[in-house]
1. In nm, to one decimal, how far is the SER38 label point from the TYR138 one, both placed 7 Å along Cα→Cβ?
2. What Kirkwood Rh does the range 207-253 have if only Cα atoms enter the pairwise 1/r average? Answer in Å.
3. Taking 0.36 nm per intervening residue step and subtracting the Cα-Cα distance, what contour gain separates SER29 from ARG217 on full extension?
4. For the chain, what's the relative contact order in percent, using C-alpha pairs closer than 8 Å and at least 6 residues apart?
5. Would you calculate the separation in nanometres between label points at ALA239 and MET130, each defined as 7 Å from the Cα along the Cα-to-beta-carbon direction?
6. Can you pull the one-decimal nm distance between simple spin-label points at GLU250 and SER195, each 7 Å off the Cα toward Cβ?
7. Neighbour counts of other C-beta atoms within 10 Å: give me MET130, MET48, MET83 arranged from fewest to most.
8. Only counting other Cβ atoms within 10 Å, I'd like LYS216, LYS128 sorted with the fewest neighbours first.
Amino acid sequence: MTYCVGMVLDKGLVLMSDTRTNSGVDNISTFRKMFTWSVPGERIITIMTAGNLATTQSVISQLEERTKAPGERRPSILDAPTMFQIATIVGHLLRDVIEGRQDSGLQGAGGQDGPRFTASLIVAGQIKDMEPRLFLIYPEGNFIEASFDTPFFQIGETKYGRPILVRGYDKGMSFEDAVKLLMVSFDSTLAANLSVGLPFDLMVIERDNFEPLHQKRITAEDPFFKLISSSWGEALRSAFHSLPHYSFDETVT
């Protein structure tokens, strides 16, 4: 499992992903799940992945090959005229990879279907003279775009960190506050689920700046993340103890 979040702000985009992948409690590895392509002054594209590792690596590898030889291997995300077209390219490729792997695994023992190779992606970025955009790509290849009603997307182990985002998100917030909010969301997920783990990859994309404004790998030794984690725990305990006292005496109001 994994945890990735993409968030749209007035100022641009903020993205964070974990790096843990596992096939059991005794087989844990670290793999990057955030990938970025940019053409200075023209476009920046970041993709985050969750799901079957072989599937997502195949998608990323094919996208990378197309960017290295765009005239020979089309379509390339560096040639697409809009972010919508980029999301379409990525969605079609994800669907084709999943269907290809599924077809090759259909002949299971006793005629049973083979394993399901599912994955989902977040595609974020901006092309010159257009708005920053954020898409959630489903395994079937279709996708939805972030909007006023849904200003952020999560993939992977989403349930533990979502309440933090729902309560704390503000589209007008600063990049620094958005990073802090994501750190709290990831810390809450990390504390509740062993399938999500450090290090985390962070990417901040400023509107009309086609290079990463801020990019960082957050490790277990990162002093700011450690401070956020401990401070958030203390703040929760303090808030809990400040709540009205519950009494078994029903006459108490």
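None of the figures in this text is laboratory data; all of them are computed from the coordinates on show. Computed from a predicted structure; not experimentally measured. As a convention, Cβ positions derive from the backbone with ideal geometry for all residues, glycine included, and neighbour counts pool all protein chains shown.
1. With each label placed 7 Å out from Cα toward Cβ, I get 3.3 nm.
2. Computed over Cα pairs of the range 207-253, the Kirkwood hydrodynamic radius comes out at 15.0 Å.
3. 66.1 nm
4. After rounding, I find 26 percent.
5. The two pseudo-label positions are separated by 3.8 nm.
6. Each label point lies 7 Å from its Cα, and together they span 4.4 nm.
7. MET130, MET83, MET48
8. LYS128, LYS216
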